[in-house]
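In what follows, a single structure is set out as structure tokens and then discussed.
The values are calculated or read from the model by the stated rules, or taken from the named source; none is laboratory data. In this text, all values refer to a predicted model and were calculated from it rather than measured experimentally. Virtual Cβ from ideal backbone geometry, glycine too; neighbours counted across all protein chains shown. These area figures cover heavy atoms from the full protein model, side chains too; ligands, DNA and RNA do not enter into them. Shrake-Rupley method; radii C 1.70, N 1.55, O 1.52, S 1.80 Å.
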Amino acid sequence: WRIEKGDYDMSHVRWDYGKPFTYDGSERRVVLRGLPEGVLPSYRGNSATDAGSYKAAVSFTVSDSHNFNTPEPMELDWEIRKADYDMSGAFWDYNGEFMYNGRMHEVSLRGLPEGVRPVYSGNAAVDTGSYEAVSDLIPYDAGNYNKPAIGNCNWQIVKADYDMSAVRWDYDGAVPFNGREQSVMLEQLPNGVSA
């Protein structure tokens, strides 16, 4: 007569993985829970740090191979998803229209999270006008982070007023008649202004 080997009860064995992880720089690991006493797992591909898709595999050894069959190997497809940068503190440093002064004016982003580099277009000008600044945000670690984005900035340079505070008429008082045409003119006009 014969007593055959028994099977371990693997009906309660589960991977401790419910949904994809999100990258945070730490090592992530998936393992089996609920293994019966005497079943020893040997894992491959069950830990990773970077974002990506992975396949974990586990084979088993048993402490009582004389009386129990070794369970079949198991596999799991698991994932670490890319993280999003926290853009809540990012803003354009534009508080109101600039006044033309012949020099370059520009707007730029402040409060960007570490690891994000802005590439600008339309953010600098000299002449009066309305402009739209755009920034392409480049993550240094594109393998582990989603590409961030921020809205455009509409900004203006408005016309300046000439400084006319020193302008005076060249008239000191009545001129006696002398038969010639008399005239009065403005003095101290700023450069660029003619009368």
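Backbone geometry of region 116-126 corresponds, through the Karplus equation with coefficients 6.51, -1.76 and 1.60 at θ = phi - 60°, to 3J(HN,Hα) couplings of 10, 10, x, 10, 9, 8, x, 9, 9, 7, 10 Hz, x marking Gly and Pro. Scanning the chain for chymotrypsin sites (Phe, Trp or Tyr not before Pro) that sit in a DSSP loop and have at most 13 other Cβ atoms within 10 Å, the longest stretch containing none of them is 2-139. Which label belongs to the value computed from this structure, given these candidates for percent of Cα pairs over 19 Å apart: [x] 67; [y] 58; [z] 76? The listed entry that was calculated here is [z]. Of the GluC sites (Glu not before Pro) in region 30-113, the ones in a loop by DSSP (not H, G, I, E or B) with at most 11 other beta carbons within 10 Å are 37. Subtracting the Cα-Cα distance of residue 103 and residue 127 from their residue separation scaled by 0.36 nm leaves 7.8 nm.
The distance between label points at residue 9 and residue 57 comes to 3.0 nm (points 7 Å beyond Cα on the Cα→Cβ vector). For region 89-131, relative contact order (Cα pairs under 8 Å, six or more residues apart, normalised by length) works out to 44 percent.
Between residue 95 and residue 141, full extension at 0.36 nm per residue minus the direct alpha carbon distance yields a gain of 13.4 nm. The alpha carbon centroids of region 89-108 and region 36-53 are separated by 54 Å.
Straight-line reach from residue 55: taking Cα to Cα under 25 Å and skipping same-chain neighbours fewer than 8 places apart, the lysines in range are 19, 82.
When the accessible area of the chain is computed with all protein chains present and a 1.4 Å probe, what percentage of it is carbon and sulfur? About 47 percent, which is the carbon plus sulfur part of the accessible surface.
Heavy atoms of the protein chains alone define the surface here; on that basis the chain has 70 Å² accessible area per residue at 1.4 Å probe size.
One Cα centroid belongs to region 120-153, the other to region 8-25; the line between them spans 40 Å.
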